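Below is one structure; the comments refer to it alone.
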Amino acid sequence: MAPLTKALPVSKSPGTLRVALSQLNQTVGDLAGNVARMRADHARAEAAGADIVVFPELAVTGYPPEVLVLKPQFVRDNMRSLAEFAMSTAGTGCWALVGFVEARDTRLHNALALCGNGEVRAIYRKQLLPNYAVFDEQRYFVPGPPESNGAVAGIVSVASARVGISVCEDIWSADGPVRAQARAGAQVILNVNGSPYHDGKHTAREEMLSERARTSHAPVVYVNQVGGQDELVFEGSSVVIDAAGNVACRLRSFEADFEVVDIDFAGGTVAPARIEPFEADIDRMHSALVTGTRDYVTKNGFTDVVIGLSGGIDSSIVAAVAVDALGADHVHGVAMPSRYSSRGSLDDAAALAANLGIDHRVISIEPAFTSYLSMLGPSFAGRDQDLTEENLQSRCRGTTLMALSNKFGWMVLTTGNTSEMAVGYFTIYGDSAGGYAIIKDVLKLQVFALSRRVNERAGREIIPRAVIDKPPSAELRPDQRDDQSLPPYEELDPILRLYVDGDRTVPEIVAMGHAEDVVRRICRLVDVNEYKRRQCAPGVRVSEKAFGKDRRMPITNGYR
């Protein structure tokens, strides 16, 4: 746990609200563990003389609980866990703002409980339920009312301050619940969140919060969760904004954190506090990949991972991220040469493994590949070798990695990037087979940028220079290169951004200066390979519109 940056006196000035920000890494469904972490930070807040400690959205259940909330017993257990936490506040002077799932008759609410003196003293129900991108809360919850007992919902009194409490999306709307609370006299805004990372979101978020603080004429305390949950990564970066719209405190990104701040609720100012700097965008992406990988592997009960090392840049960055996430002792690299593998690629894979300090072994797939060719020979008689034989090699490798996974309990990490997945340039049941796909939402040009940055940060060659410099190749036939099957990535990636992320049409993309034949070919490949992507492993979401939870395209689809 992070220490406080300063020792705050237990006593505080009149007109001051002391707020503890508890930026937790919760696990969906781990009710006992989630409550235990909350109780520990409540005790820290009490020791620091805080008036209230604020936890992330749905802190009891973890976020997002998805269809778990449709299980009545899960909802009952979550409410029982909330009651147990509330009882633990008895005899303390510190209130707690706790997210939980509330059942009212047949309705479910994404709710907030104000706990203190051993009980739940007030409940607020999230009013604005996001139903876009990765969010589908309207499937599970009903919105809370804007008023409660004839008054604006979410106004509570804490240490003589009028406090507005709200949940995540409630603060994103300029005309939403926070505005109503400010008009009703809220002097401080407390907003709890499960706001997932995507590239560039942190700056947009703080700009929005600054505007909301200025228009509300009240400081905003924004507490976000941290950690990985399947494809989502939550970056933390919890923040306090004073009434003038200035950042007064910011917690770490991609780490559990804790801080206490003093807020002059009459004057709208915040006492000087720790402001953690933001990393550069490329470093934030790297941190998101590391966090997502670590939490997916460990929260699912694994300790070790295995990666097929081809000597190429994709498997190299996956291995580097895995080491940062889990430690070198828990990462196993396997080179699986065939008759088409170059000596240079084998040497590059060995050099990478040595630089990372990971286990490295070589298992030739040639005996299995030869056996397949022999076995299928009578059926293939009279036909030339083609993509079939290339895919057989990839499937031999996938089977080999899964055998190691079964024998030793290692999770297989796949190595495909977004550029390849978008156009189907991978082998289903081959190099796509595995448990987690670290770079499934990372374009090829970003893979190069991440690889160069790994070396820059280390001050030495982690990923061999030859890997970064050589033309990408699957090495499944003689002298094969990616650019024989695909446009250069400098051309491919911008087209994918426009078509997938931007939902632009072929004519619109052509009008932007791209060759029509290339655009039509690429867009068609994206469309017809949805069935392959649907069968791939989950992986870290780092863009605003990722394949998977974001872009839910029908497989059977006649629209072009």
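No lab work stands behind these numbers, since they all come straight from the coordinates. Bear in mind that the values here come from a model prediction, so they are computed numbers and not experimental data. Using ideal geometry, Cβ is built from the backbone for each residue, glycine included, and neighbour counts are taken over all protein chains shown.
Roughly how many whole Å is it from the C-alpha centroid of segment 293-334 to that of segment 511-560?
27 Å
Identify, among Phe278, Ile522, Leu70, the residue whose Cα sits farthest towards the positive end of the charge dipole of the chain, taking +1 on the Cβ of Lys and Arg and -1 on the Cβ of Asp and Glu, with the dipole about the Cα centre.
Checking the options against the dipole of the chain, the answer is Leu70.
Hull surface divided by four, with the convex hull built on the Cα atoms of segment 10-168: how many nm²?
On the way: hull surface 37.6 nm².
Hull-based average projected area comes out at 9.4 nm².
Ranking Arg252, Arg541 by Cβ neighbours within 10 Å, fewest first, what do you get?
Working: Arg252 19, Arg541 26.
Lowest count first: Arg252, Arg541.
Towards the positive end of the charge dipole of the chain, with charges on Cβ (+1 Lys, Arg; -1 Asp, Glu), say which of Ile155, Ser394, Thr269 has the farthest Cα.
Result: Ile155.
For segment 97-154, go through all pairs of different Cα atoms, get the mean of 1/r, take its inverse, and jot down that Kirkwood value in Å.
Numbers: mean 1/r = 0.0815 Å⁻¹.
Kirkwood hydrodynamic radius for segment 97-154: 12.3 Å.
Which loop-located chymotrypsin sites (Phe, Trp or Tyr not before Pro) does segment 85-128 contain, where loop means any DSSP state but H, G, I, E or B and the Cβ has at most 13 other Cβ atoms within 10 Å? Don't jump to the answer; show the numbers that get you there.
Numbers: sites: Phe85, Trp95, Phe100, Tyr124; in loops: none.
Counting only loop positions with at most 13 other Cβ atoms within 10 Å, none of the chymotrypsin sites (Phe, Trp or Tyr not before Pro) in segment 85-128 qualifies.
Between Ala184 and Asp281, with labels modelled 7 Å along Cα→Cβ, what's the label distance in nm to one decimal, could you check?
Label-label distance for Ala184 and Asp281, simple model: 4.0 nm.
Determine by what factor the alpha-carbon radius of gyration of segment 195-334 differs from 2.2 N^0.38 Å, reporting the quotient. Numbers along the way, then the final one.
On the way: Rg = 18.4 Å, N = 140, 2.2 N^0.38 = 14.4 Å.
Scaled against compact globular proteins, the figure is 1.28.
Compute the Rg/Rh shape ratio of segment 487-528: radius of gyration over Kirkwood radius, all on alpha-carbon atoms. The partial results should precede the final answer.
Details: Rg = 8.9 Å, Rh = 9.9 Å.
On the Cα set of segment 487-528, Rg over Rh gives 0.90.
So if each residue of separation counts as 0.36 nm, and I subtract the Cα-Cα distance between Asn149 and Asp469, what length gain in nm does that give? Each step should come with its number before you reach the end.
On the way: separation 320, 0.36 × 320 = 115.20 nm, distance 6.71 nm.
Length gained between Asn149 and Asp469: 108.5 nm.
At 1.306 mPa s and 10 °C, plugging the Kirkwood radius over alpha-carbon pairs of segment 97-225 into Stokes-Einstein gives what diffusion coefficient in µm²/s?
Values: Rh = 15.1 Å.
Diffusion coefficient, whole number: 105 µm²/s.
About its Cα centre, how strong a charge dipole does segment 78-166 have in debye, to the nearest 20, once Lys and Arg get +1 and Asp and Glu get -1 at the Cβ? Show your work: numbers first, answer last.
Working: 8 positive and 7 negative charges, 15 e Å.
The dipole of segment 78-166 has a size of about 80 debye.
Measure off 7 Å from each Cα along the Cα-to-Cβ vector at Ala328 and Leu525, then give the distance between these two points in nanometres to one decimal.
With each label point 7 Å from Cα toward Cβ, the separation is 3.7 nm.
Using the structure shown, list the pairs from Lys299/Lys440; Lys201/Lys299; Lys407/Lys444; Lys440/Lys532; Lys444/Lys470 with a Cα-Cα distance above 22 Å, or answer none.
Details: Lys299/Lys440 20 Å; Lys201/Lys299 25 Å; Lys407/Lys444 32 Å; Lys440/Lys532 13 Å; Lys444/Lys470 14 Å.
Where the Cα-Cα span goes over 22 Å, the pairs concerned are Lys201/Lys299; Lys407/Lys444.
When only Cα pairs under 8 Å and 6 or more residues apart are kept, what is the percent relative contact order across segment 75-210?
On the way: 220 pairs, mean separation 21.6, N = 136.
Across segment 75-210, relative contact order equals 16 percent.
Where in segment 79-118 is the amide nitrogen less than 16 Å from a point lying 7 Å along the Cα-to-Cβ axis of Gln73?
79-81
Tally the DSSP beta bridges in the chain and give the antiparallel ones as a percent, rounded to 5.
Numbers: 43 of 73 bridges.
Beta bridges within the chain, antiparallel portion: roughly 60 percent.
Taking one equal scatterer on every alpha-carbon of segment 283-482, how large is log10 of I(q)/I(0) by Debye at q = 0.19 1/Å?
The Debye formula, applied to the Cα set alone, gives -1.43.
Please give the contour-minus-distance gain from Asp483 to Ala511: 0.36 nm per residue of separation, less the Cα-Cα distance, rounded to one decimal in nm. Can you show the working numbers first?
Working: separation 28, 0.36 × 28 = 10.08 nm, distance 2.39 nm.
Full-extension gain reported as 7.7 nm.
For every helix of n ≥ 4 consecutive DSSP H residues, a contribution of -39,500 (n - 2.57) applies; sum these over the chain, divide by its total residues, and give [θ] at 222 nm rounded to the nearest 500 deg cm²/dmol.
Working: 17 runs with 203 residues, N = 560.
Helices in the chain give a 222 nm mean residue ellipticity of -11000 deg cm²/dmol.
Note down the Stokes-Einstein diffusion coefficient of segment 423-547 in µm²/s, whole number, using a Kirkwood radius over alpha carbon pairs, 20 °C, and 1.002 mPa s.
Values: Rh = 16.2 Å.
In µm²/s, the coefficient is 132.
How many angstrom lie between the C-alpha centres of segment 206-268 and segment 53-132?
21 Å
Calculate the FRET efficiency for Arg497 and Arg121 from the Cβ-Cβ distance with a Förster distance of 51 Å, rounded to the nearest 0.05.
On the way: r = 49 Å, r/R0 = 0.96.
Result of the calculation: an efficiency of 0.55.
Find the relative contact order for segment 285-444 and round it to a whole percent, using C-alpha pairs within less than 8 Å whose residues are 6+ positions apart.
24 percent
Once the Cα gyration tensor of segment 16-271 is diagonalised, what are the square roots of 5 times its eigenvalues, in whole Å and ordered largest first, as equivalent ellipsoid semi-axes?
On the way: eigenvalues 113, 82, 70 Å².
So the three semi-axes of segment 16-271 are 24, 20, 19 Å.
What list of ³J(HN,Hα) couplings, whole Hz, do you get for segment 170-177 from phi and the Karplus terms 6.51, -1.76, 1.60, once you set θ to phi - 60° and write x for glycine and proline?
Going residue by residue, I get 4, 8, 6, 8, 5, 9, x, x Hz, with x marking Gly and Pro.
Under unit Cβ charges (Lys, Arg +1; Asp, Glu -1), what dipole magnitude, rounded to 20 debye, does the chain have relative to its Cα centre? If you can, show how the numbers build up before the last one.
Working: 59 positive and 69 negative charges, 188 e Å.
Charge dipole of the chain: 900 debye, to the nearest 20.
Step through the residues of segment 322-337 one at a time and calculate ³J(HN,Hα) from phi using the Karplus curve (6.51 cos²θ - 1.76 cosθ + 1.60, θ = phi - 60°), rounding each to whole Hz and writing x for Gly and Pro.
With the stated coefficients, segment 322-337 comes to 4, 5, 5, 7, 10, x, 4, 5, 10, 10, 10, x, 10, 8, 10, x Hz.
Given segment 16-271, what percent of its DSSP beta bridges are antiparallel, to the nearest 5? Before the final figure, lay out each step's value.
Working: 43 of 59 bridges.
Of those bridges, close to 75 percent are antiparallel.
Using +1 at the Cβ of each Lys and Arg and -1 at the Cβ of each Asp and Glu in the chain, identify which of Gly144, Gln535, Ala122 lies farthest towards the dipole's positive end.
Positive-end residue among those listed: Ala122.
Could you work out how far the C-alpha centroid of segment 377-435 sits from that of segment 152-203, in angstrom?
Taking the Cα centre of segment 152-203 as reference, the centre of segment 377-435 is 49 Å away.
For segment 487-528, give the magnitude of the charge dipole about the Cα centre (Cβ charges: +1 Lys/Arg, -1 Asp/Glu; no others), in debye to the nearest 20. Walk me through the numbers on the way to the answer.
On the way: 5 positive and 9 negative charges, 24 e Å.
With only Lys, Arg, Asp and Glu charged at Cβ, the dipole is about 120 debye.
Report the normalised scattering of the chain as log10 I(q)/I(0) at q = 0.06, 0.09 Å⁻¹, calculated by the Debye formula with identical scatterers on the alpha carbons.
-0.35, -0.73
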